[in-house]
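Quick note: the coordinates plus some simple rules give every number you see, no bench work behind them. Not measured: the values here are computed from a predicted model. Every residue, glycine among them, receives a Cβ derived from its backbone with ideal geometry; neighbour counts consider all protein chains shown.
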Amino acid sequence: MPVGLFRVCLLVITAIVNHPLLFPKENGTVPENTEEIIQKMKEREESLRLEQLRLEQEIADQEATQKALEKAAVVVEESKEQKIRWDMWTALSMVIFLLIELWRQDFQEGNWQDTGGEEDDMAVLGKAFKGVAFPDKAVLASFYEKRILATTADMARMREMVEGFADDLLEALRSVCNRDADMEVEDCMGVGSMYENWRVRKPFVCDLIVPFAPPEPYCFCCQTWCSGDSFPPDEQGYGTIKVCRAGEDATGCICDKTKLGEDMLCLLHSQVSSTRPSSEMEDLLCFKNTQYLDADQVMKWFQIAVTKAWNRISHKYEFDLSFSLLDSPGALKIKFKSGKSIAFNLTPVVQYENSDVYFISHFPRSSLAADIPSSTHWFLTFAVYERRFIQLVSKTLPANACHVSCLQILSFLHGKQCSLTGPSGLTNYHLKTVLLHLLQARPSQDWAPDKLEARLQDMLKFLEKCLHEKKLYHFFIGNGKIPAELGFPIIFQRAEPLNLFRPFVLRRDIYRKMVDTFHEMLRNMSALINEYTVHIPLAHANGIRKEAL
């Protein structure tokens with residue numbers, strides 16, 4: 001307690017001693033220039049105010065810049081979102097389009113062959129037949145007897161004569177060729193309407209194809225549009241033929257595809273042998289500076305070889321041989337001293353692998369290969385398989401079946417109409433394709449002799465449908481229902497169906513001419529048939545029909 005009182009007293013004494021009024025400082029003075037101090041304080045206040053305004057302006061500018069940046073960021077973000085939405089719509093549209101295209105192709109692959117099996121399909125066709133008087137069975141029977149059978153009676157004898165002479169000519173051709181440098185020619189084969197027994201238009205012309213191969217040590221490496229290589233749509237149905245050395249891949253050595261480096265060499269190829277001389281490839285009938293077989297050079301070589309061969313054997317025959325058409329290098333004509341003549345086509349072809357599909361240099365008297373992309377593109381012909389298919393199906397049909405008669409009558413009508421109104425894009429090959437489709441689609445009993453009228457109408461209606469849709473698919477390409485007995489290459493069965501009417505889609509003038517010719521043929525059908533018909537009582541019609549077929 002005493003100690004606490006002592007501390008309080010000490011604190012009071014210290015406060016009294018240090019009070020400023022009791023003991024003022026010696027140097028403590030009141031400022032004399034009060035106005036000057038106030039003026040300085042005002043100036044200081046003004047400078048602080050200006051500094052505050054400047055800082056506020058800078059802050060405002062920064063806020064405006066920040067708002068502009070934020071607004072720009074918002075615009076960029078919105079544009080990104082819009083672009084993303086647009087990309088999503090674009091991608092979705094592409095997916096929908098691809099799905100539709102895949103569905104269309106699947107639908108075609110599953111249904112393009114079902115062309116004549118449904119009577120309901122045929123019922124909705126035939127608009128062009130309204131008002132057309134179709135000949136009855138008796139008229140067709142009389143027409144077939146007088147016009148078709150009487151005209152085609154000498155076809156077998158003509159085929160035999162042409163084949164014998166062609167074999168002799170090719171044997172002479174082999175003897176005049178250099179076996180070490182020239183192409184090796186094989187035996188000829190007959191194809192087309194003359195060998196399928198449905199040609200009716202004169203002059204009768206035999207079509208013979210002649211396979212040939214390169215001399216050793218070379219070989220042909222064939223590439224088609226459906227072999228995995230990229231071919232434009234307008235080159236479907238074509239292929240290229242590359243001349244390679246035996247054992248060499250058509251795509252070349254791997255050293256052509258890989259950068260080996262300056263100090264590395266391929267063990268199989270040297271710099272000397274990697275590039276063949278241009279003259280060597282031209283001697284092998286290749287296009288200039290390439291390894292691809294040139295169809296034009298092949299035809300020139302073949303013409304020269306045939307001329308040499310004929311000069312060697314001409315003394316054995318009592319007739320003359322000449323090339324008949326300038327635009328068909330393989331068209332030959334035999335002229336007898338009596339003034340009569342026989343025409344035939346001898347066309348060189350290249351075999352596709354080990355099949356009976358052939359690359360053909362040109363089509364005589366045909367528009368199938370009228371627009372060949374280049375002379376190194378060769379069209380594929382399935383003529384051998386077409387002949388075999390008709391022969392195979394004929395064995396399952398009733399006796400004296402009417403399938404060949406239908407094609408003969410339709411070919412005759414088309415030929416007569418073209419002679420009146422001029423040629424059109426429609427060819428006999430299109431007509432034969434229609435028959436092949438119906439042969440596969442309809443049962444065997446539908447081709448009985450007494451069904452000629454009905455089947456002829458089916459062919460005309462089917463052709464009308466194809467013209468309307470601008471679609472007539474090749475019978476073999478993309479057809480998975482080809483009989484296994486034919487041994488047809490699977491690569492062509494799995495290919496996308498080839499539309500034979502595709503060239504007419506963009507060429508409307510030719511398409512219009514083709515449709516007009518078809519309609520004119522329908523309107524003139526009765527008149528053309530009646531012109532060659534013997535009018536007989538109906539009681540004798542059936543008897544004539546049986547004899548005719």
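When the range 411-500 is described by a simple charge dipole with +1 on each Lys and Arg Cβ and -1 on each Asp and Glu Cβ, the residue from Leu460, Ser419, Phe476 located farthest towards its positive end is Ser419. Okay, which of the range 182-208 sit inside 16 Å, backbone N to the point 7 Å along the Cα-Cβ direction of Arg312? Backbone N within reach: 182-188. Its convex hull of Cα atoms gives the range 362-473 a direction-averaged projected area, equal to a quarter of the hull surface, of 8.1 nm². Relative to one another, the C-alpha centroids of the range 188-212 and the range 474-520 are positioned 21 Å apart. Cross-link pairs exceeding 30 Å in C-alpha to C-alpha distance, out of Lys242/Lys471; Lys316/Lys416; Lys451/Lys481, comprise Lys242/Lys471; Lys316/Lys416.
Taking the Cα atoms of the range 376-431, the ratio Rg/Rh between the radius of gyration and the Kirkwood radius comes to 1.09.
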